[in-house]
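One structure is given here, and the rest of the page talks about it.
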Amino acid sequence: MLKKEFLLVAVILFGTIGSVAVAAEPQAPGELHGDIGFTYNTLHVWRGYLTYGHHSSVQAFIDLDLMGTGFGIDVQTQRANASGSNPDGLGYNNEQRWDYTLHYAGAFEADQTWETRYMVGYRYFNYPEMDSHTRNSIDLQEMFVGFSFPKLLGIPRLVPGYVLIKGWPSNSDTWVGGRNPNHGTYAGWGHVFMLDYGLPVSGLTAETPEQILNFHVETVYNDGADPRPGGGYTDSDWTHVLFTLSTDFNLGNGMIFTPALSHQITMEDDATRGVSPDHNMTWASLTVKYKF
């Protein structure tokens, strides 16, 4: 799919964690809430793409809810734990990325079968080591809208969701625009279909009497949007299925530790036209964040 996981229930980003995160419970007006955190990934898989080869990566992030207005700002940076050249030939340092997101979240039909939580937003992907105003630019942009339906299936904590993404290169005639050797660009659409389930189990400590195991599955239809600058080209097709298991450990004083295990089945695994040369990929993520 387009890059980074973005999870309709509080990410990946379709980037990211996200991945994507759609509307959590509304916050009280007049109060600033947010998360500040750090993530270590044993592999960096972004929207189905193995972006840093088989190297691990780190991410730092801050996500702010602006006084309960529904508006929020998310900033994160990510880099490979590697040096030298990567499969794209641009060098790992050049492909370190900053993501800037402005979003609005809300809900309607509360407590009804058709209760809908939504998030709409704009995201800018900036590669600071690459000149944003020349043909070497690989900066990207996207608009997204996501929906989740917490009561639709009638089973507590079983939540279907959907995200629509429209991406485009920040500059035309660049590595991610018209200059891609295989004529692929980032000017396309992405469709993410998701299902989440929170399974309550007995807590591991006296301070946490109940633990929630979060199961997430998604499949992606990529309608011609390929973010790889080195010549990849993903045609309109189903690209992959992703399974993730995660849980939160409350460490007290606003600190939360979240381990996650993910497995991806890649349906387009051609070295040139597919999203990854590896048909099956498994990786782990460790996130520590301060919630306020």
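Tabulated values for the structure
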quantity	calculated
Residue within the stretch 89-98 that is surrounded by fewer than 17 Cβ atoms within 10 Å (Cβ to Cβ), aromatic (Phe, Trp, Tyr) and either under 26 Å from Val275 (Cα atoms) or in contact with a Leu (Cβ under 8 Å, 6 or more places away or on another chain) (or both) present	yes
Test result for Arg123, within 20 Å of Ile62 (Cα to Cα), modelled with pLDDT of 95 or more and among the charged types (D, E, K, R)	yes
Among residues of the stretch 66-88, those that are at pLDDT below 95 and touching a Leu at 6+ places or on another chain (Cβ under 8 Å), counted	2
Lys166 assigned to a loop (DSSP other than H, G, I, E, B) and modelled with pLDDT of 85 or more	no
Residue among Thr51, Thr39, Thr16 that is modelled with pLDDT under 85, within 17 Å of Leu286 (Cβ to Cβ) and surrounded by 22 or more Cβ atoms within 10 Å (Cβ to Cβ)	Thr16
Filter result for Glu5 (touching a strand residue (DSSP E or B) at 6+ places or on another chain (Cβ under 9 Å), farther than 21 Å from Met143 by Cα, modelled with pLDDT under 90 and among the acidic types (Asp, Glu))	no
The stretch 136-153: number of residues that are hydrophobic (A, V, I, L, M, F, W, C), crowded, with 24+ Cβ neighbours inside 10 Å and out of contact with any helix residue (DSSP H, G or I) (no Cβ under 8 Å at 6 or more places or on another chain)	2
Matching residues, the stretch 121-133, being over 19 Å from Asn171 (Cβ atoms) and part of a loop (DSSP other than H, G, I, E, B)	none
Matching residues, the stretch 121-135, being touching a strand residue (DSSP E or B) at 6+ places or on another chain (Cβ under 9 Å) and surrounded by fewer than 16 Cβ atoms within 10 Å (Cβ to Cβ)	Tyr122, Tyr124, Pro128, Ser132
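Listed here are the residues, each with its yes/no results for (1) at pLDDT 75 or above; (2) buried (at least 19 other Cβ atoms within 10 Å of the Cβ).
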{"residue": "Ser236", "(1), (2)": "yes, no"}
{"residue": "His240", "(1), (2)": "yes, yes"}
{"residue": "Asn253", "(1), (2)": "yes, no"}
{"residue": "Ser276", "(1), (2)": "no, yes"}
{"residue": "Leu286", "(1), (2)": "yes, no"}
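The values are calculated or read from the model by the stated rules, or taken from the named source; none is laboratory data. Computed from a predicted structure; not experimentally measured. We place every Cβ from the backbone using ideal geometry, glycine too, and count neighbours over all the protein chains shown.
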